[in-house]
Amino acid sequence: MTTIDDRPASPPALGPDGAWLTHDRLGMFVHWGLYALPARHEWVKSNERMGDAEYQRYFDRFDPDHYEPREWARAAKAAGMGYVVLTAKHHDGFCLWDSALTDYKITNTPYGRDAVGPYVEACRAAGLKVGLYYSLIDWHHEEFPVDGTHPQRDDEEFKTRAAGRDIRLYREYLHGQVRELLTSYGRIDYLFFDFSYEHRIDYWGGKGAADWGSEDLLGMIRELQPGIIVNDRLGIPGDLVTPEQYQPVRAMERGGRPVVWEACQTLNGSWGYHRDNLDFKSPETLVRLLVDGVSKGGNLLLNVGPNGRGRIEPRAAETLAALGAWMDDHERAIRGAGPAPFAPPVDARYTLRGDRLYVHLFAWPYKHLHLEGLADRVVYAQLMTDASEIRVEHIDPKRPPQNTQMGGQPAGTLTLQLPVQRPDTLVPVIELFLSDPAEISGGTTLDEEDE
């Protein structure tokens with residue numbers, strides 16, 4: 001059993017301007033761009049070895065007539081999310097804003113209008129924090145050196161023509177575009193870069209911090225937006241680490257020290273709209289990922305990929321709605337919550353928030369749940385779905401089992417008497433009111449905003 005004295009160290013705080021991230025715990029990632037038209041994965045240009053001329057057909061037809069970022073923001077808010085991150089530019093180099101540094105932008109498509117400005121306004125109006133994603137890779141830029149990610153990496157004639165490309169010129173462009181994004185739309189709360197791959201063995205010619213000028217870039221970002229949160233993908237340390245498409249088995253560390261972290265997950269394995277990929281995670285799986293992450297001090301950034309007309313697809317919308325229904329009953333076990341200094345039972349997770357300890361049950365026990373180390377710490381227990389009382393008892397460790405009488409439990413064990421019927425919810429949660437929360441750290445206290 002993990003005790004108060006041997007609990008793991010807490011990760012460093014993000015400061016007053018960044019504390020919202022570890023409070024909100026759940027955000028929406030939005031991958032959207034030209035790749036929504038082929039609808040075959042956001043790496044379609046690279047996967048299918050398309051040159052610029054072939055990919056141009058999507059630019060010429062990009063006209064998302066149903067793009068309404070207020071609908072995206074409403075969906076995120078209803079799902080219990082506290083922030084949104086939009087792909088302002090992905091690897092194909094296409095820009096969703098009216099950049100002065102390129103013609104390869106949404107204002108030159110049939111749509112003809114900036115998409116980032118309305119998105120920022122919609123998030124702010126909904127009370128959501130604003131995040132932007134920017135790809136360090138650019139398969140369209142004429143000075144981005146060809147490497148193992150490039151769509152024309154196997155085209156020897158093209159590579160010969162591109163041999164003289166100068167990463168320094170691309171670096172100036174990269175810095176200039178980041179400056180545009182951070183000076184055109186007011187406060188930006190979160191900047192998500194993607195990605196450095198200097199040492200990846202699966203991509204030849206990889207690039208890293210020196211290629212991006214990451215130290216200077218980060219310095220500029222801090223100067224322009226002092227309160228912004230920046231991730232860890234510049235090839236130098238950032239404010240948080242971002243495991244992608246896997247779930248950490250424990251709280252994340254770097255160099256043996258705890259760090260703030262956020263798992264990035266898709267609904268179906270694709271980030272961009274992928275029409276024929278039907279391998280969707282169930283809402284229950286997503287709730288488990290969220291709960292498991294918060295129990296380890298992490299966040300969940302859950303992705304949607306709107307289609308070429310700008311709509312979130314029905315399957316994704318249904319999943320968000322199911323997640324929102326669960327969050328409506330259990331939000332205070334997630335927002336403002338964090339890890340607890342106790343070892344939970346098998347098939348369960350703990351989260352802690354102020355004077356409340358939450359038991360998230362991945363499997364529903366038969367009639368009794370035994371919680372080691374909590375016998376003298378809990379004054380009341382209830383199911384979160386309906387606030388119905390859960391009766392508690394302390395069974396004498398020396399009591400022998402006899403017929404219908406349960407035998408003794410280890411000293412310090414709290415036993416909960418559960419209904420036989422499992423609550424009709426994705427993951428049932430029991431809320432425990434602690435008798436002396438002052439000696440326990442891990443979550444946050446209730447504040448006026450959440451009461």
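The values are calculated or read from the model by the stated rules, or taken from the named source; none is laboratory data. Note that the structure is predicted; figures quoted are calculated from it, not measured. As a convention, Cβ positions derive from the backbone with ideal geometry for all residues, glycine included, and neighbour counts pool all protein chains shown. Protein only, heavy atoms only, side chains kept; ligands, DNA and RNA dropped before computing areas. Shrake-Rupley method; radii C 1.70, N 1.55, O 1.52, S 1.80 Å.
Based on this model, can you work out whether Lys105 counts as open to solvent by 10 Å² or more (accessible area, probe 1.4 Å) and charged (D, E, K, R)?
It is true that Lys105 is open to solvent by 10 Å² or more (accessible area, probe 1.4 Å) and charged (D, E, K, R).
Of the residues that make up the range 126-136, is at least one under 18 Å from Lys45 (Cα atoms) and part of a loop (DSSP other than H, G, I, E, B)?
Yes, there is a match, as at least one residue in the range 126-136 is under 18 Å from Lys45 (Cα atoms) and part of a loop (DSSP other than H, G, I, E, B).
Within the range 18-43, restricting attention to residues that are of a type in the set (A, V, I, L, M) and farther than 27 Å from Gly293 by Cα, which residue is nearest to the chain's Cα centre (by Cα)?
Taking the candidates together, the pick is Ala36.
Among the residues of the range 22-71, how many are over 30 Å from Thr351 (Cβ atoms) and in a loop (DSSP other than H, G, I, E, B)?
20
Kindly establish whether Gly442 is modelled with pLDDT under 90, crowded, with 18+ Cβ neighbours inside 10 Å and under 33 Å from the mean Cα position of the chain (by Cα). Don't jump to the end; show me each part of the working.
On the way: modelled with pLDDT under 90: yes; crowded, with 18+ Cβ neighbours inside 10 Å: yes; under 33 Å from the mean Cα position of the chain (by Cα): yes.
Here the answer is yes, as Gly442 does meet what is asked.
Please list, ordered by first then second residue, the pairs with beta carbon atoms under 7 Å, 6 or more apart or interchain, first in the range 274-291 and under 17 Å from Gln245 (Cβ atoms) and without any contact (Cβ under 8 Å) to a residue 40 or more places away in the chain, second outside any loop (DSSP other than H, G, I, E, B) and among the aliphatic types (A, V, I, L, M).
Matching pairs, first to second residue: Leu286/Leu302; Leu286/Leu323.
Please find, among Gly336, Gly408, Gly324, the residue that is more than 22 Å from Ala78 (Cα to Cα), open to solvent by less than 40 Å² (accessible area, probe 1.4 Å) and either of a type in the set (S, T, N, Q) or not in a strand (DSSP E or B) (or both).
Gly408
If I ask for residues that are assigned to a loop (DSSP other than H, G, I, E, B) and surrounded by fewer than 20 Cβ atoms within 10 Å (Cβ to Cβ), which ones from the range 110-124 would you list?
Listed by number, the residues that qualify are Pro110, Tyr111, Gly112, Arg113, Asp114.
Take the residues in the range 202-219 that are open to solvent by 40 Å² or more (accessible area, probe 1.4 Å) and of a type in the set (A, V, I, L, M, F, W, C); name whichever of them is farthest from Leu136 (Cα to Cα).
So, considering only residues that are open to solvent by 40 Å² or more (accessible area, probe 1.4 Å) and of a type in the set (A, V, I, L, M, F, W, C), the one farthest from Leu136 (Cα to Cα) is Trp204.
Restricted to the range 220-278, and to residues that are of a type in the set (Lys, Arg) and closer than 27 Å to Asp92 by Cα, which residue is most open to solvent (accessible area, probe 1.4 Å)?
Step by step, filter the range 220-278, then rank; the result is Arg275.
Conditions (1) in contact with a Phe, Trp or Tyr (Cβ under 6 Å, 6 or more places away or on another chain); (2) surrounded by fewer than 21 Cβ atoms within 10 Å (Cβ to Cβ); (3) among the charged types (D, E, K, R), marked per residue:
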| residue | (1), (2), (3) |
| --- | --- |
| Asn299 | no, no, no |
| Leu320 | no, no, no |
| Thr351 | yes, no, no |
| Asp355 | no, yes, yes |
| Val359 | no, no, no |
| Pro365 | no, yes, no |
| Ile390 | no, yes, no |
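Being part of a loop (DSSP other than H, G, I, E, B) and charged (D, E, K, R) is the filter here, so list the residues in the range 78-109 that pass it. Before you say what the answer is, go through the steps one by one.
At the first step, the residues of the range 78-109 found to be part of a loop (DSSP other than H, G, I, E, B) are 79-82, 90-94, 96-104, 109.
Asp92, Asp98, Asp103, listed by residue number.
Out of all the residues in the range 125-140, which are buried (at least 16 other Cβ atoms within 10 Å of the Cβ) and either of a type outside the set (Val, Ile, Thr) or touching a Pro at 6+ places or on another chain (Cβ under 8 Å) (or both)?
Here is the first cut: in the range 125-140, the residues buried (at least 16 other Cβ atoms within 10 Å of the Cβ) are 126, 128-140.
Once the filter is applied, which keeps residues that are buried (at least 16 other Cβ atoms within 10 Å of the Cβ) and either of a type outside the set (Val, Ile, Thr) or touching a Pro at 6+ places or on another chain (Cβ under 8 Å) (or both), the range 125-140 yields Ala126, Leu128, Lys129, Gly131, Leu132, Tyr133, Tyr134, Ser135, Leu136, Asp138, Trp139, His140.
Mind checking which helices (runs of 4 or more DSSP H) fall wholly inside the range 191-310 and carry at least 1 residues that are of a type in the set (Ser, Thr, Tyr)?
Working: elements: 209-212, 214-224, 283-295.
Result: 214-224, 283-295.
Kindly list, by first and then second residue, each pair from a residue in the range 88-105 that is over 17 Å from Lys45 (Cβ atoms) to a residue that is assigned to a loop (DSSP other than H, G, I, E, B) and among the aromatic types (Phe, Trp, Tyr), limited to pairs with Cβ atoms under 9 Å and residues at least 6 apart or on different chains.
Between residues of the range 88-105 that are over 17 Å from Lys45 (Cβ atoms) and residues that are assigned to a loop (DSSP other than H, G, I, E, B) and among the aromatic types (Phe, Trp, Tyr), the close pairs are Ala88/Trp97; Trp97/Tyr185.
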